[in-house]
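**Student:** Handing you a structure now.
The values are calculated or read from the model by the stated rules, or taken from the named source; none is laboratory data. Since this is a predicted model, take the numbers as computed values, not measurements. All Cβ positions, even for glycine, are placed from backbone atoms using ideal geometry, and neighbour counts span all protein chains on display. Surface accessibility is based on the protein's heavy atoms, side chains included, excluding ligands, DNA and RNA. Shrake-Rupley method; radii C 1.70, N 1.55, O 1.52, S 1.80 Å.
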Amino acid sequence: MIDFDLIITGGTIVTATDTFKADIGIKNSQITSIADRLEGAQHIINAQDRYVFPGGIEAHCHIEQESGMGIMAADDYRSGSISAAFGGNTTIVPFAAQHRGQSLREVVQIYHDRAGPKSIIDYAFHLIISDVNDKILGQELPALIKDGYTSFKIFLTYPMLKLSDGDMLSVLAVARENGAITMVHAENDDVISWLSKRLLDSGNIAPKFHAVSHARIAESEASNRAIQLARLLDTPIFIVHVSTSEAASIIRKAQGDGLKIFAETCPQYLFLTSDDIDIEGMEGAKFCCSPPPRDKFDQEAMWQGLINGTFQLFSSDHAPYRFDETGKLHAGPNPQFKKIANGVPGIELRMPLLFSEGVCKGRISLNKFVELTSTNAAKVYGLSPKKGSIAVGCDADIVIWDPKREVTVSYDLLHDNVGYTPYEGMSIKGWPETVVSRGRIVIAKGQLKVKPGSGKFIQRSPGYEFIRPAGISPPEIDPKTNFGAKII
Ligand code: URP
Ligand code: ZN
Ligand code: ZN
């Protein structure tokens, strides 16, 4: 009898909490059975000697998005989602970015038109809010949260995106009222602008001065400020792309005080340093992102943050720009550092890098790997219980992982449209082999098996699940009793 559309047999299933050998039965896009031995399916995948993980959820990536400088990302929803899938992901949550003067409804429609015909895996959108006015706060944002856009990013830097502290409070108040979560790009804009002007005025224009201008103090000050504003309103925030040990310590301290502060770090802060930007000519532009890669000490602090639970997520912050006039060098062949397109690619290597350097080198467990790459993203951003785990009733979003495959990273292996990878030449152990999204085999034997447009938009429900870092106990005094939460 044929009970299933697909059976994955003989593999070792790994979730955020358990590791066990079992078969998985899939019917109508969902996991319908997990048992020692299953039979009766249209298709069977043999996962002997393989790990079977929940598909990755890439919750910080910039796909087919114009940057604050107005530069279009190199990856559209076709190449971006294909690259994500080849990297073991089954869901992406890119941004629908508002530019000042645009209505949020209009922005959301633009991004649906971009993603709908092209994405090969499931997707949701975080909003980017750059224009805070009565209509946005009073009507559009609350209505969009109810419609399933339950997370948004705000910036404390970048001239075309940054919000004042007052505007940040106004956005946080709407988030609190409607059960949404606010992501914060925490860098002090005045510090960066002041340093940049001094550097440029004295002729220091090379890419390496990007890292000097984005001083670590700018990040720790803004992280602390964002935490205090969130504390004032007793509402959670998610601090994205953390790069310094000081910022990580500030976040951990706040978590210890019982505040609902989430955070992430990214591959560029584990595997790159500011020395990568400091190379002759313009090549360093390939490594310019904000915050910039820091130093070896910070890399170690980022690992500690992943290990001890300060960071709930490991995201790529894939911000793809080609090394040509369409991207990094849009302002000419030798631009001063402020005119270099900001961001590095990483959507396809996020999971392999973490598996190889984290799991294979004994820094994190298999379960922690799943937590950081999938389960916690589902919890924080309202995608669970359907996404982020392997259990009966979940969407059949699965990556079958070959833990023994050894790969030397080369851009030729990747499927994005960037033309280079910052991780060229790195040796990696462990690689995604087969990717199943809602029961559809998306990638098998290195081949793409589905058509553009076959991914689905995921409408999320307001609310998030707070994940208290291990080793931090709830404070004796409820932190909100001392603060002004009652004012809204
Ligand atoms: O440099 C970066 N990270 N660019 C992408 C935009 C952002 O701030 O995440
Ligand atoms: Zn950012
Ligand atoms: Zn980003």
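**Student:** Check the range 156-164 and report whether any residue there is within 16 Å of ligand 1 (Cβ to nearest atom), open to solvent by less than 20 Å² (accessible area, probe 1.4 Å) and farther than 15 Å from A226 by Cα.
**Tutor:** Yes, that holds for at least one residue.
**Student:** Right, next: With G70, G80, G138 as the choices, which residue is closer than 24 Å to L448 by Cα, away from ligand 2 (no atom under 16 Å from the Cβ) and among the small types (G, A, S)?
**Tutor:** When all the criteria are applied, what remains is G80.
**Student:** Tell me, which residue of the range 57-74 that is within 13 Å of ligand 3 (Cβ to nearest atom) and assigned to a loop (DSSP other than H, G, I, E, B) is surrounded by the most Cβ atoms within 10 Å (Cβ to Cβ)?
**Tutor:** Here the answer is I63.
**Student:** Looking at M302, is it within 28 Å of R405 (Cα to Cα) and touching a residue at least 40 places away in the same chain (Cβ under 8 Å)?
**Tutor:** Yes; evaluated as a whole, the condition is true for this residue.
**Student:** Right, here's the next one. Under 6 Å between Cβ atoms, which residue pairs at least 6 apart in sequence (or on different chains) link something in the range 306-332 that is closer than 23 Å to H415 by Cα with a partner that is hydroxyl-bearing (S, T, Y) and surrounded by fewer than 24 Cβ atoms within 10 Å (Cβ to Cβ)?
**Tutor:** Partner pairs satisfying both residue conditions: F323/Y420.
**Student:** Is it the case, given these coordinates, that K135 is of a type in the set (K, R), farther than 22 Å from L414 by Cβ and either touching a strand residue (DSSP E or B) at 6+ places or on another chain (Cβ under 6 Å) or open to solvent by less than 10 Å² (accessible area, probe 1.4 Å) (or both)?
**Tutor:** No.
**Student:** If you check every pair at least six apart or on different chains, which have Cβ atoms under 6 Å apart with a residue in the range 54-78 that is closer than 23 Å to Q102 by Cα and β-branched (V, I, T) first and a residue that is part of a loop (DSSP other than H, G, I, E, B) and open to solvent by 20 Å² or more (accessible area, probe 1.4 Å) second?
**Tutor:** From the range 54-78, the pairs are I71/H330.
**Student:** Identify all residues within the range 104-125 that are among the aromatic types (F, W, Y) and within 21 Å of I136 (Cβ to Cβ); write none if there are none.
**Tutor:** Y111, F125
**Student:** Going through R216, R176 one at a time, which residue ends up being away from ligand 1 (no atom under 16 Å from the Cβ), at pLDDT 95 or above and touching a helix residue (DSSP H, G or I) at 6+ places or on another chain (Cβ under 7 Å)?
**Tutor:** R176
**Student:** A further question follows. Kindly indicate the residue of the range 205-224 that is open to solvent by less than 50 Å² (accessible area, probe 1.4 Å) and outside any helix (DSSP H, G or I) and also farthest from ligand 2 (Cβ to nearest atom) among those meeting that condition.
**Tutor:** Looking at the filtered set, the residue picked out is A206.
**Student:** Residues D416, D402: which one is acidic (D, E) and in contact with a Lys or Arg (Cβ under 8 Å, 6 or more places away or on another chain)?
**Tutor:** Going through D416, D402 in turn, just one is acidic (D, E) and in contact with a Lys or Arg (Cβ under 8 Å, 6 or more places away or on another chain): D402.
**Student:** Turning to a different aspect of this structure: Identify all residues within the range 249-270 that are part of a helix (DSSP H, G or I), open to solvent by less than 40 Å² (accessible area, probe 1.4 Å) and not aliphatic (A, V, I, L, M); write none if there are none.
**Tutor:** The answer is Q255, G256, P267, Q268, Y269.
**Student:** Mind checking whether some residue in the range 306-317 is under 18 Å from D75 (Cα atoms), of a type outside the set (A, V, I, L, M), within 16 Å of ligand 3 (Cβ to nearest atom) and not in a loop (DSSP other than H, G, I, E, B)?
**Tutor:** Taking every residue of the range 306-317 in turn, none turns out to be under 18 Å from D75 (Cα atoms), of a type outside the set (A, V, I, L, M), within 16 Å of ligand 3 (Cβ to nearest atom) and not in a loop (DSSP other than H, G, I, E, B).
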